[in-house]
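The values are calculated or read from the model by the stated rules, or taken from the named source; none is laboratory data. All of these numbers come straight from a predicted model, not from anything done at the bench. Methodologically, a virtual Cβ is constructed for each residue, glycine included, from the backbone with ideal geometry; neighbour enumeration extends over all protein chains shown. Accessible surface is based on the protein model in full, side chains and every heavy atom, while ligands, DNA and RNA are left aside. Shrake-Rupley method; radii C 1.70, N 1.55, O 1.52, S 1.80 Å.
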Amino acid sequence: MEKSVFVRKQEVRSRYLERRNELSLEERRQKSGKIKEFLMREPVFQKARTVLVYMDYRSEVMTTELVEELLLLGTKRVFAPRVEGMDIEFYEVRSMADFEKGYQGIREPKSALSQGTEKDILERFRPGESGAQETDGACLILVPGSVFDRQGGRMGYGKGFYDRFLAGAPFVYSVGLAFECQVAGRVPTEAHDRRIHMLITEEGVTGMQENAVVAGGPAYCNLTRLGEAAAVAKYELQGLETEKKNQVLRAAARALVSESGLILAENQKDLERGEKRGMSAGLLDRLRLSGERIAGMAQGLEQVAALPDPVGEIMETMERPNGLRIEKRRVPVGVIGIIYESRPNVTADAFGLCFKSGNAVILKGGSDALCSNRAITGVIRRALSDAGVCEDAISLIDSTDRAVTQEFMRMKQYVDLLIPRGGAGLIRSVVENSTIPVIETGTGNCHIYVDESADIEKAIPVIVNAKTQRIGVCNACESLVIHEKIKDRFLPALADALRARNVEIRGDEQVRGVIDCTPATQEDFGTEYLDYIISMKTVSSLKEAIAHINRYGTRHSEAILTEDAACAEEFLNQVDAACVYANASTRFTDGFEFGFGAEIGISTQKLHARGPMGLKELTSYKYVVRGNGQVRG
């Protein structure tokens, strides 16, 4: 039976603490001196006006000399922790006389100290709309621990004091101090474990992110290390048997449901922040999770587990006259990068499809869903670890810095394919700036054309469904094209049905001659609203309708409502889109509905993949050639 993360953490902690305890007092003193020198030369330390520092205990890296020096210089405010119940509170100290023996004999600020508590720190450095409130320097915390790694992983002593503090203060820059003998290749982690931004040992400094504090707070991010880790993970994933992959997917599905409370709590933080920023109803809908939606994410993983494994499929065989036997075999792409906006369900969907198709995935979600994405990724990584599979099958770029996103687009040495999912601006930025091959998942300015022969009773429910079933998705109908011969008997009933669902109508002159609505502009005809708004355009012929859709559409999903089979066929043949429909809602452009399981996105380009991208669209192929000593003449 595979060991749980908890058991493995205990074993790793014990092993590395034993190594640390083997250091002599003199060795620890010398190494601590070197660590202090490295720390004090770091720009992030030099700029910091406030330092939160632990007081060393037993065989930890010694900090007493550092604290004495900081208090003597008086150029920085110094705070030290005091254990209070299950948490640590930081109190400002002004001299060594402010300490007394406390928890487990560790030196702590005296309980009589009341000024400068942790709340003061959080209020002074909590980011506002334009960044941290205090502008004259960052807040830095020096963190102890038993084991560290060079990817930002840290393991404490099992009480969770610093993890809880850092979870509530993500904008405080964290620096781990450790001896080199405490550094592991990879620290086993759980969802609640917090990563650090920098590690300093007697051998030098490892930074997990260049920027100490960015708007919204510093985040763990070292793209090179993420890329290296994913590049290693992809070879492990390529060797996994199908049954093992399916077991892991089902375990991840169970974990999402069992940890739904944690995920929903983190999602609520994103929603509250979005509401304060005035996010539209459509975007909030994209961002919002519920127990039902998390169950849907889990169901997506279960469905992917039930799908045939495409890896290893023999696509074609041939035998040459010289006896060479050639196979065209389906293989994983390798490492897939996905940049997406405020849809946290993409995190689980992307993992499931990439994992089943043998790919490692690096995710860069939008800042609007940062808390949700962290929680979902953490749950999945824990499920991977518990199953004995490399956690780096999924990685999250935990940074809100746009420069990090730009750098990610240029990681061609690690990432084999980049897929953007989001609005037109994001997709355009990726297409224009990426050096990695890109599959373009376009925006969804989806049209429905109501032909003169349309069945009105059939047409109205289709349009209402396409527009209102979910407004914040790329396959929702945004534009209606109406034959002028049906407008008078069709539009009044349609307007009543849409207004009953609070949909604003923006129509051209002919539409406004039949119903009362807002005037439509040329910009309206090309807009993906993601809101309770729809544009309407009248045309005099099927040919004009097709021309309008091909001009303003985004090559996503387009539909015709007609009882004329010839008109339907002409529309299906002439409209340039990934998915074209006759007499059905555009909302069916979806991996679930097409039987693919959760799709990675809807490709609107024509090379490699088009439409909903399932497992096969996330693979490539290679030629396997078998011979018997043949040489080329």
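Residue check: residue 318 meets all listed conditions (1) touching a residue at least 40 places away in the same chain (Cβ under 8 Å); (2) surrounded by fewer than 22 Cβ atoms within 10 Å (Cβ to Cβ); (3) over 26 Å from residue 467 (Cα atoms) but one, namely (1). Of the residues making up segment 549-578, not one is crowded, with 20+ Cβ neighbours inside 10 Å, among the polar types (S, T, N, Q) and in a helix (DSSP H, G or I). A count restricted to segment 227-254 and to residues that are open to solvent by 20 Å² or more (accessible area, probe 1.4 Å) and within 29 Å of residue 405 (Cα to Cα) stands at 7.
Under the condition of being touching a Ser or Thr at 6+ places or on another chain (Cβ under 8 Å), touching a residue at least 60 places away in the same chain (Cβ under 8 Å) and of a type in the set (A, V, I, L, M, F, W, C), the residues counted in segment 250-278 number 1. Count of segment 511-548 residues, restricted to those that are part of a strand (DSSP E or B) and open to solvent by less than 40 Å² (accessible area, probe 1.4 Å), is 6.
When the residues of segment 605-633 are filtered to those that are among the charged types (D, E, K, R) and either assigned to a loop (DSSP other than H, G, I, E, B) or under 23 Å from residue 349 (Cβ atoms) (or both), the one that is modelled with the lowest pLDDT is 606. Scanning segment 196-221 for residues that are part of a loop (DSSP other than H, G, I, E, B), open to solvent by 30 Å² or more (accessible area, probe 1.4 Å) and modelled with pLDDT under 85 gives 210, 211, 213, 215, 216. Considering the conditions (1) open to solvent by 10 Å² or more (accessible area, probe 1.4 Å); (2) not in a strand (DSSP E or B), residue 581 is excluded by exactly one of them, (2). Filtered by the rule that a residue be outside any loop (DSSP other than H, G, I, E, B) and open to solvent by 30 Å² or more (accessible area, probe 1.4 Å), segment 162-182 gives 164, 167, 168, 180, 181. Across segment 598-620, a minimum of one residue is classified as hydroxyl-bearing (Ser, Thr, Tyr), touching a residue at least 24 places away in the same chain (Cβ under 8 Å) and open to solvent by 40 Å² or more (accessible area, probe 1.4 Å). For residue 478, the requirement of being free of Cβ contacts under 8 Å to residues at least 24 places away in the same chain and not small (Gly, Ala, Ser) is not met.
Quick one: in segment 280-293, of everything that is within 19 Å of the chain's Cα centre (by Cα) and over 15 Å from residue 422 (Cα atoms), which residue is surrounded by the most Cβ atoms within 10 Å (Cβ to Cβ)? So the residue we want is 289.
Within segment 454-470, restricting attention to residues that are basic (Lys, Arg) and within 32 Å of the chain's Cα centre (by Cα), the residue that is farthest from residue 505 (Cα to Cα) is 470.
Taken together, the criteria exclude residue 470 from residues that are surrounded by fewer than 19 Cβ atoms within 10 Å (Cβ to Cβ) and out of contact with any Asp or Glu (no Cβ under 9 Å at 6 or more places or on another chain). If you go through segment 415-462 and pick out every residue that is polar (S, T, N, Q), in a loop (DSSP other than H, G, I, E, B) and either under 30 Å from residue 500 (Cβ atoms) or open to solvent by less than 40 Å² (accessible area, probe 1.4 Å) (or both), you end up with 5.
Just so you know, in segment 478-510 the residues that are surrounded by fewer than 17 Cβ atoms within 10 Å (Cβ to Cβ) and among the small types (Gly, Ala, Ser) include one that is farthest from residue 558 (Cα to Cα), and it is 500.
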